Every structure is written in structure tokens, then in C-alpha cells.
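Here is the structure we will look at, set down as C-alpha cells.
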Amino acid sequence: MRGKTILLGVTGGIAVYKAAALTSKLTQAGADVRVIMTESATKFVTPLTFQTLSRNPVATDVFDERDPSAVQHIDLADAADLLVVAPATANIIAKMARGIADDMLSTTYLATTAPVLVAPAMNVHMYAHPAVQENLDILRRRGVTVMEPGEGQLACGYTGRGRMPEPEELAAKIAEMLADGPADRKKPAEAKPEGGAADGPMKGLRVLVTAGGTVERIDAVRYLSNDSSGRMGFAFAEAARDMGAEVTLVKARTDVAPPPGVTVVEALTAEDMLSAVLARYPDTDLVIKAAAVADYRPANPAAGKIKKTAERLTLELEKTPDILQALGERKTTQFLIGFAAETERLAEYATDKAVRKNCDLVVGNDVTVPGAGFGTETNKVVVADQKGVVAELPLMSKRETAERVLALALERMKKAGGGKRT
């Protein structure tokens with residue numbers, strides 16, 4: 001990092017203390033660290049701390065011009081090899097996404113042409129809010145690198161996704177981004193299209209994809225879920241987008257960020273996902289229901305935290321709504337693809353599910369097969385209709401799997417008259 005100028009934007013969250021540790025690491029690695037603090041950040045840690053660690057003055061006020069020969073925020077923006085915003089609150093993320101420049105950091109962000117790295121840190125429910133996810137998606141489409149927050153105990157008392165990455169992780173990511181070379185660092189990131197590709201075999205089709213594992217609350221800090229990472233559903237959304245479709249992605253809890261260029265709808269519980277899907281179903285041509293929806297949920301979730309007292313705790317569970325069944329019953333011209341994660345008799349169970357749920361295709365995978373289970377980058381599947389297996393795909397990336405299944409679905413939709421909604 002020697003000889004590199006890193007602009008570190010620090011905003012008002014409890015994770016500010018991690019930003020101080022990051023400043024120390026980057027400075028020790030030889031970087032020239034220039035810190036910009038928002039007013040709220042100074043409520044947690046004083047500017048003097050960052051000045052001492054970075055050995056540079058800290059910028060806090062866009063009107064505090066110390067050098068009459070230069071405009072401070074322009075000077076900082078021009079000098080940066082990389083802009084890092086850590087911690088990034090929901091507020092600064094919204095400002096960056098919407099082009100609001102009302103403080104030193106947001107003004108400098110709009111003025112820089114350097115690469116940008118954002119590390120969100122906030123309450124789990126704030127991070128999952130559709131507005132925050134939409135703003136992050138906007139930033140990704142503009143070329144901003146978003147480093148996903150970690151999952152665990154949060155300062156607010158909740159457990160979930162929202163923790164700022166550790167300073168060591170951020171320093172490693174910064175080194176990786178700087179290693180790409182300075183040749184084009186001053187070139188503005190090219191904005192990616194808001195929707196899918198302009199052309200492609202799925203142009204004009206409206207595709208709805210569900211992804212991730214649903215969350216069913218036990219109490220305020222615990223929940224029932226499953227091992228779904230969301231990768232398979234995201235691969236379908238990305239592939240459909242690149243084939244020209246207009247894609248809506250309804251996501252529950254996931255381990256990775258959703259792909260850019262698609263409309264993202266947050267739906268954490270089975271009930272929420274059912275509502276989100278049914279509301280969009282009449283105007284959809286193709287549904288890919290890749291989400292792993294919990295079969296049961298606590299019948300009486302506690303409003304607060306259940307205290308650990310007795311040696312045993314008994315939970316009464318009730319069935320969640322069957323989303324795939326509801327879609328099959330309401331199907332008119334939609335092409336419906338379901339999923340079956342099994343541990344045995346894969347072809348038989350996938351075919352049976354296609355019949356019972358009135359699916360056009362069911363993609364089945366044996367989660368006990370290495371490389372085909374939850375959380376992997378690859379999959380090995382069979383594809384069945386109501387008469388039996390129609391394709392067996394070898395172990396391949398989830399993106400390749402998605403492309404092969406979509407090609408099969410598109411061929412069948414064309415034979416049936418296109419399936420396009422009007």
C-alpha cells in the first residue's frame with residue numbers, strides 16, 4: 001500500500017472503533033490515510049483519535065477550508081486512489097445512492113472518480129429493509145464494491161447480519177482492490193443497465209425468482225431457518241437478466257449479495273414471501289421458486305427474548321403456507337419451476353412433486369452429494385416434469401445449471417405458445 005492514498009469515510013455507528021483500528025493497520029502498511037468523519041461519527045470517537053492514527057488532519061466540515069489555494073473536498077477526491085466508507089450507515093448509503101451532497105463525505109464521494117468500497121454496518125432489520133437493499137443495489141450497478149456485513153451478535157442486542165467486517169478483512173479487501181493497478185482509477189465506473197440485457201432469448205418475458213432460506217421467529221433473538229445460501233436462486237436471476245428478461249427477485253435470508261440489474265424484494269418469512277409472490281404472480285411469465293421455505297414455524301413466538309431457565313424448552317410448531325402449492329393451484333399461462341432438495345430417490349420425488357404441485361418442471365438435487373448441497377458454488381441436478389425425468393445435468397457451476405434449465409424452460413414455453421403475458 002506504500003504510496004497509495006486511501007480516503008476513509010467514517011459515519012455514525014458503534015463500529016467506528018473498528019474504523020480506528022483499520023486506520024492504524026493501513027497507516028502501518030504504508031498507506032497515506034485521509035479520514036473524513038460525519039458529524040454523527042464524532043459522537044462516538046473524536047477526530048483527534050483518527051488524526052493521531054493517520055498522522056493527517058481529519059476533515060469534518062465542508063465549509064472548513066484550511067488552504068485558500070485548494071477546495072478541500074475536491075483536493076481529497078482527486079488525491080484518492082481508493083475511497084472506503086466504513087462503517088457505512090443506512091443514511092450515508094441512501095445519500096450515495098440518491099446523489100445527496102449535504103456534508104463533507106457525501107460531497108467528496110460525488111467528486112471522486114476513484115474506486116469505492118462500502119462496508120455497511122447496522123441493525124439486522126435495518127440492513128434487510130427493502131429501501132436499504134435497493135440503495136445498495138443502485139451502488140453496485142454503478143460499480144461500487146459492497147463488502148457484505150458479517151453475521152452474529154450486534155451491539156443493539158439482536159443476532160443477525162449487520163456487523164461491519166473486521167479491520168483485517170477490510171484491509172485485505174483494500175489491498176486486493178489496490179493491487180488491480182492505478183491505470184484506470186480515474187475513469188468513472190460505467191453504469192450497468194437498470195434491468196436485464198437489451199436483447200436475448202428471454203427479451204419481453206417477466207421472470208419471478210425466489211431465493212434464500214426463510215426465517216421463522218422463536219423470539220426476538222432466535223429463529224428457525226435452514227442452510228440455503230441463496231446462490232442457486234441468484235444464479236437463475238442473473239442468468240435470466242442476461243438473457244433479456246425483466247427479473248424480480250424475492251429473497252429471504254441469504255449468505256451472498258443479490259445480483260445487480262434486478263428488482264429485489266425482501267421477504268424473510270414464509271408468510272411474507274407468499275404475499276410478495278402472489279401479488280406479482282398474475283403479471284409473471286415464468287416463476288423459478290428456488291427459495292428454501294421453512295415447512296414449520298413456532299405457533300406462539302415470544303415478543304421478547306426467552307430466558308434460559310428450565311433444562312428443556314418445548315416449542316409447538318405449525319405448518320407454514322405452501323407457496324409452490326398455491327402457485328400451482330392459481331396457474332393460468334405461467335410456466336412454473338419448483339425445486340426439490342432430497343437425500344434419496346431423487347428422480348421419483350422430483351417427478352412426484354411436479355405432479356402434486358402442478359409444476360411444469362422440478363429441479364431436484366441430492367444435498368448429500370459433494371458439491372451439490374447448500375452453500376456450494378456448484379450443483380448436480382435432475383430436471384423432471386409430470387411424466388418423469390427429462391434431463392440429468394452433471395456437476396457444474398450454479399450459473400451454468402441455471403442457464404441449462406432456463407434454456408429447457410424457454411423451449412417448452414415456445415412450444416406452448418410463448419407464455420408471454422400481455
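Annotations
- Where helices (runs of 4 or more DSSP H) sit wholly within segment 256-365, those with at least 3 residues that are touching a Ser or Thr at 6+ places or on another chain (Cβ under 8 Å) and not aromatic (Phe, Trp, Tyr) occupy 270-280.
- Checking His125 against (1) under 11 Å from the mean Cα position of the chain (by Cα); (2) free of Cβ contacts under 8 Å to residues at least 60 places away in the same chain, the condition it does not meet: (1)
- Qualifying positions in segment 70-97 - surrounded by fewer than 19 Cβ atoms within 10 Å (Cβ to Cβ) and either in a loop (DSSP other than H, G, I, E, B) or touching an Asp or Glu at 6+ places or on another chain (Cβ under 7 Å) (or both): Ala70, Val71
Conditions (1) at pLDDT below 95; (2) on the phi > 0 side of the Ramachandran plot; (3) under 25 Å from the mean Cα position of the chain (by Cα), marked per residue:
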| site | (1), (2), (3) |
| --- | --- |
| Leu313 | yes, no, no |
| Gln334 | no, no, no |
| Ala347 | yes, no, no |
| Asn365 | yes, no, yes |
| Thr368 | yes, no, no |
| Thr378 | yes, no, yes |
| Val381 | yes, no, yes |
| Ser397 | yes, no, yes |
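- Per the listing Thr351, Thr376, Thr401, the residue uniquely without any contact (Cβ under 8 Å) to a residue 40 or more places away in the chain and surrounded by 15 or more Cβ atoms within 10 Å (Cβ to Cβ) is Thr351.
- Residue count for segment 204-255 satisfying the condition of being part of a loop (DSSP other than H, G, I, E, B) and in contact with a helix residue (DSSP H, G or I) (Cβ under 6 Å, 6 or more places away or on another chain): 1.
- Condition met for Ala299 (of a type in the set (A, V, I, L, M), without any contact (Cβ under 8 Å) to a residue 40 or more places away in the chain and buried (at least 19 other Cβ atoms within 10 Å of the Cβ)): no
The values are calculated or read from the model by the stated rules, or taken from the named source; none is laboratory data. Note that the structure is a prediction, hence the values are computed from the model and not measured. We place every Cβ from the backbone using ideal geometry, glycine too, and count neighbours over all the protein chains shown.
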